Amino acid sequence: MTAHFLSRARMALVVMLSALVMVTSGCATNPVTGETQLSLIGEGEEHQMGRENYQPTIQTQGGRFYLDPELTVYIQEVGNKLAEVSDRPDLPYEFAVLNSSVPNAWALPGGKIAINRGLLVKLEDEAQLASVLGHEIVHAAARHSVQRMQQGMLLSAGMAGLGFALGDNEWGGLIMGGAAVGSQLALSQYSQSHELEADHYGIEYMVEAGYDPQAAVELQEIFVKLSEGQNSSFIDGLFATHPPSQARVDANRKLAQKYDSGGYRGEDVYQRRIAEAKRLQPAYDLHDEALKLAGQEDYQAALAKVNEAIDMAPREAAFFATRARLHEVLENPEQADKDFDRAVELYPEMFSYRLMRGLNELEAGNLDTAQADLEASAQVVPTTIAYLRLGDIAAQRGNREKAAAYYNEVAKAGGELGQEARQKLNNLQ
């Protein structure tokens with residue numbers, strides 16, 4: 001027993017020494033600040049992480065706002081102006097508009113950036129938009145998101161399991177970018193120093209691109225005011241990852257005063273480009289109300305709200321997906337089937353619509369169509385519920401080995417679904 005303990009102690013020492021070697025040898029110069037920092041992830045790996053996580057993160061944050069594709073083109077144009085004057089203009093920058101009412105924006109490694117519809121409708125002009133995008137570009141260029149991932153590696157190396165532990169009946173979590181299923185990286189909070197760096201260099205990028213730096217001051221003033229309890233969705237969204245403060249307002253003002261005012265504002269252009277999103281906003285407000293009512297089990301009232309939303313925006317897949325789930329609860333299976341089909345028809349790439357339709361098909365005993373949908377959803381975003389039900393399908397078909405493989409993966413995730421998977425593994429054995 002003593003020998004075993006010593007062996008474990010030696011192994012722990014080896015691990016500690018290895019980590020020390022990694023830390024002391026993995027240093028690099030920050031491309032934005034010029035400071036020396038820990039760097040365990042190379043540039044090639046940084047780009048790969050951005051590519052691999054961008055689409056899944058977009059989907060778990062509400063999916064793309066496809067009803068107005070020209071808005072995405074516009075955001076990409078503004079983002080490109082700022083990226084070209086950044087300290088890393090060679091990054092493969094991409095900018096997406098997400099179909100989420102939660103006001104937020106985020107950046108992944110390699111210049112993969114997204115901004116929510118819910119934030120865009122709150123901004124006043126292109127200069128304020130440039131302030132948001134410039135801030136996120138700094139997070140990418142200065143490798144802030146990479147550093148957050150490094151910290152996660154050092155703190156939780158070796159942890160396994162699926163990233164999204166979704167249940168069968170969660171209202172809102174799968175729809176419109178609810179925080180319950182958000183990417184940990186996109187929704188994790190930056191350090192205060194990283195936020196101040198992003199503000200500082202974001203203003204410099206704005207000025208270099210020809211925008212009025214005063215917009216960055218105004219933006220922070222708006223955020224501080226909203227964070228005082230006037231709008232809880234802002235607090236839950238943007239402020240969860242980018243907490244505002246008067247210190248940030250003062251720092252932005254001090255830096256903006258160093259530059260001449262009178263840069264480009266672009267209010268007319270911005271309001272023209274955001275007009276369709278603003279026109280549709282009442283429909284999304286109704287949908288958000290429907291989700292709240294559904295969470296309170298007032299399903300008939302929720303159905304009335306989502307029907308109103310569909311009348312206003314008949315090509316929004318999320319509305320049909322929500323109505324399908326309501327019809328499930330209200331035991332209207334034929335209408336649920338039609339609405340799930342319509343949601344998938346309108347946005348076939350969206351993992352959550354394929355997932356929900358697959359679960360519905362499984363409940364009806366249609367194993368072939370259920371398996372096709374669940375596998376398609378899991379290819380985009382692996383979820384514990386999809387893997388668990390694919391295990392059930394395999395078990396029903398007598399494929400014990402395949403069922404065990406699915407159950408083993410779900411068991412690693414823990415929680416109620418993990419417990420169910422472990423019980424089913426025992427039953428298989």
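Bear in mind that the values in this text are calculations on the coordinates, not laboratory data. Here the structure is a predicted model, which means the values were calculated and not measured. Please note: Cβ atoms are built from the backbone with ideal geometry, for glycine as well, and neighbour counts cover all protein chains shown.
To the nearest 0.05, what FRET efficiency results for E349 and E276 with a Förster distance of 25 Å applied to their C-beta separation? If you can, show how the numbers build up before the last one.
Numbers: r = 21 Å, r/R0 = 0.84.
It comes to 0.75.
From least to most packed, judged by other beta carbons within 10 angstrom and beginning with the fewest, R51, R265 follow the order R51, R265. Each label was represented as a point 7 Å from its Cα along the Cα-to-Cβ direction; for K402 and A247 these points are 5.6 nm apart. Going from the fewest other Cβ atoms within 10 Å to the most, the residues S245, S261 appear in the order S261, S245.
Database remark: amide H of G63 closer than 5 angstrom to the amide H of N99 (H placed geometrically; neighbours at sequence offset of 5 or more, or on other chains; Pro and chain starts carry no H).
Three semi-axes describe the equivalent ellipsoid of the range 41-140; taken as square roots of 5 times the Cα gyration tensor eigenvalues and ordered largest first, they are 21, 16, 11 Å. Hydrodynamic analysis of the range 268-325 uses the Kirkwood radius over alpha carbon pairs. Inserted into Stokes-Einstein at 20 °C and 1.002 mPa s, it gives a translational diffusion coefficient of 182 µm²/s.
Legend: ranking of residues R117, R248, R273, R397 from fewest to most surrounding C-beta atoms inside 10 Å; resulting order R397, R273, R248, R117.
Between E363 and E84, residue separation times 0.36 nm minus the direct Cα-Cα distance comes to 95.3 nm. Measuring spread by the Cα atoms of the range 266-364 yields a radius of gyration and Dmax of 14.9, 53 Å.
Quick one: net charge of A304's neighbours, Cβ under 12 Å, K/R +1, D/E -1? Before the final figure, lay out each step's value.
Values: positive: K305, R323; negative: E289, D298, E308, D311.
Net local charge, A304 excluded: -2.
Between E267 and A372, the modelled label-to-label distance comes to 5.4 nm, taking each label 7 Å out from Cα in the direction of the beta carbon.
Under 19 Å of direct C-alpha separation, and excluding same-chain neighbours fewer than eight residues apart, K424 reaches these aspartates and glutamates: D168, E363, D392, E401, E409, E416. Calculate the translational D of the range 354-429 in whole µm² s⁻¹ from Stokes-Einstein, where the hydrodynamic radius comes from the Kirkwood formula applied to all Cα pairs, the temperature is 20 °C and the viscosity 1.002 mPa s. Diffusion coefficient, whole number: 179 µm²/s. Multiplying the residue separation of Y66 and K254 by 0.36 nm and subtracting their alpha-carbon distance yields 63.8 nm.
Taking amide H positions as modeled 1.01 Å from N, with prolines and chain starts lacking one, the residues under 5 Å from Y211 and 5 or more places away or on another chain are Y264.
First select every other residue whose beta carbon is under 11 angstrom from the beta carbon of V121; then total the charges, Lys and Arg +1, Asp and Glu -1. Could the numbers behind the result be given before it?
Working: positive: R117, K122, K278, R279; negative: E124, E276, D285.
Once positives and negatives cancel, what remains is +1.
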